[in-house]
Amino acid sequence: MKRKASQQKHQTRWKMKVFAAVFMGFCFGSLMLMQTQYSRIMALASLRHLPTPKPKIAFLFIARNRLPLDMVWDTFFQGEEDSFSVFVHSRPGFLFNKATTRSLYFFNRQVNDSIQIDWGEASMIEAERILLRHALKDRHNERFVFLSDSCIPLYNFSYTYDYIMSTPSSFVDSFADTKEGRYNPKMDPVIPVFNWRKGSQWVVLTKKHAEVVVKDTTVFPMFQLHCRRKSLPEFWRERGMPVDNSKEHNCIPDEHYVQTLLAQEGHEKEITRRSLTYSSWDLSTSKDRERAGWHPVSYKFSDATPALIQSIKEINNIHYETEGRREWCSSKGKPTGCFLFARKFTRPAAMRLFNLSALGNSRGNL
């Protein structure tokens with residue numbers, strides 16, 4: 001009996017120890033769970049007080065080699081590092097380092113998969129697509145601005161940023177192109193003629209429209225096959241004389257691609273139908289009337305005056321003769337100048353304006 005009582009007492013103690021261990025484990029587990037939940041709650045609470053990353057503008061430069069106006073842009077970017085990113089498409093193998101640029105903002109900003117560009121060929125729009133692919137990897141980039149190596153900013157960064165971000169649409173100069181010889185009927189039915197558009201290459205895209213360009217697998221192949229500039233006599237030695245030069249379609253891909261793609265994809269109502277980059281198409285400056293409209297005027301040292309910049313800033317409407325319409329420019333619902341950038345400026349011209357403090361907003365300089 002004593003032995004049986006001892007065994008029962010021993011079993012009771014063992015059960016109590018097991019219960020105590022389980023209870024302690026439960027309490028410890030509950031405490032750890034509470035601590036984890038508390039840590040998560042505190043972490044989430046702290047996130048509410050962190051500043052939201054500022055939406056950025058991606059500046060996408062298309063250059064032959066180096067950027068001759070890099071110091072103008074260097075001053076434009078200073079102090080705004082959290083509001084922009086820079087990407088440059090230059091010839092394959094060209095590097096932006098201390099030997100090729102004086103601006104830190106362009107160091108190693110060349111894309112590593114650039115291609116050789118031929119003017120008037122689809123390679124130009126492929127370069128644009130490459131730049132967009134790189135820029136879209138940064139999720140904070142919300143606007144995408146295409147610029148040439150001869151572009152200058154007309155205002156300071158703050159004004160430019162507010163102007164671009166205040167409009168939820170893309171700035172894409174776009175109008176129906178009815179002139180014969182540009183649209184190639186071989187594009188039909190993939191690209192019907194009623195979706196054929198023309199405009200400026202220097203567009204400003206929202207993220208939504210940038211993604212449309214990058215994901216395009218329909219319109220771009222048609223441009224590669226059927227949209228190229230009319231052959232010029234100086235190239236006949238390399239490419240052979242055309243059977244009948246008069247029957248060639250003089251299609252400049254970069255003047256049609258984005259405009260036609262957005263029309264094709266049903267996004268035309270989401271754009272502001274004008275460019276933010278000024279170009280002067282003064283036909284009287286060209287001796288060759290046939291090629292007069294192929295390239296805008298280049299501004300040289302003697303042309304670069306504060307009066308010139310002011311005259312560009314004062315342009316507040318654009319007349320489209322082919323459509324019989326006039327576009328009055330506005331920002332935040334108020335009348336404003338139409339352009340934020342201008343081209344084509346040689347390096348001497350841009351540096352003269354820079355030294356004269358002619359670049360900046362209406363109340364101050366860069």
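The table for this structure:
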{"quantity": "Order by protection proxy (mean Cβ within 10 Å, highest first), peptides 110-120, 348-358, 253-263", "calculated": "253-263, 348-358, 110-120"}
{"quantity": "Ranked Cys251, Cys151, criterion: other C-beta atoms within 10 Å, fewest first", "calculated": "Cys251, Cys151"}
{"quantity": "Principal axes of the range 49-95: Cα extent on each, largest first, Å", "calculated": "45, 22, 14"}
{"quantity": "Simple label model, 7 Å out from Cα along Cβ direction - Arg347 to Lys334, nm", "calculated": "3.9"}
{"quantity": "Extension gain from Asn65 to Lys269, taking 0.36 nm per residue of separation minus the Cα-Cα distance", "calculated": "69.8 nm"}
{"quantity": "Rg and Dmax of the range 138-186, Cα atoms only, in Å", "calculated": "16.2, 46"}
{"quantity": "Pairs beyond 21 Å (Cα-Cα), from Lys269/Lys332; Lys269/Lys344; Lys198/Lys313; Lys186/Lys215", "calculated": "Lys269/Lys344; Lys198/Lys313; Lys186/Lys215"}
{"quantity": "Residues Asp118 and Lys300, FRET efficiency given R0 of 35 Å [Cβ-Cβ distance, rounded to 0.05]", "calculated": "0.85"}
{"quantity": "Separation of the Val193 and Trp281 label points, Cα + 7 Å toward Cβ, nm", "calculated": "2.1"}
{"quantity": "Sequence-distant aspartates and glutamates (8 or more away, or on other chains) whose Cα lies within less than 13 Å of Lys56", "calculated": "Glu80, Glu81, Asp82, Asp138, Glu142, Asp162"}
{"quantity": "Ranked Arg102, Arg143, criterion: other C-beta atoms within 10 Å, fewest first", "calculated": "Arg102, Arg143"}
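All of the numbers you see were taken from the coordinates with simple rules; none came from a lab. Not measured: the values here are computed from a predicted model. A quick note on method: Cβ atoms are made from the backbone with ideal geometry, for glycine too, and the neighbour counts reach across all protein chains shown.
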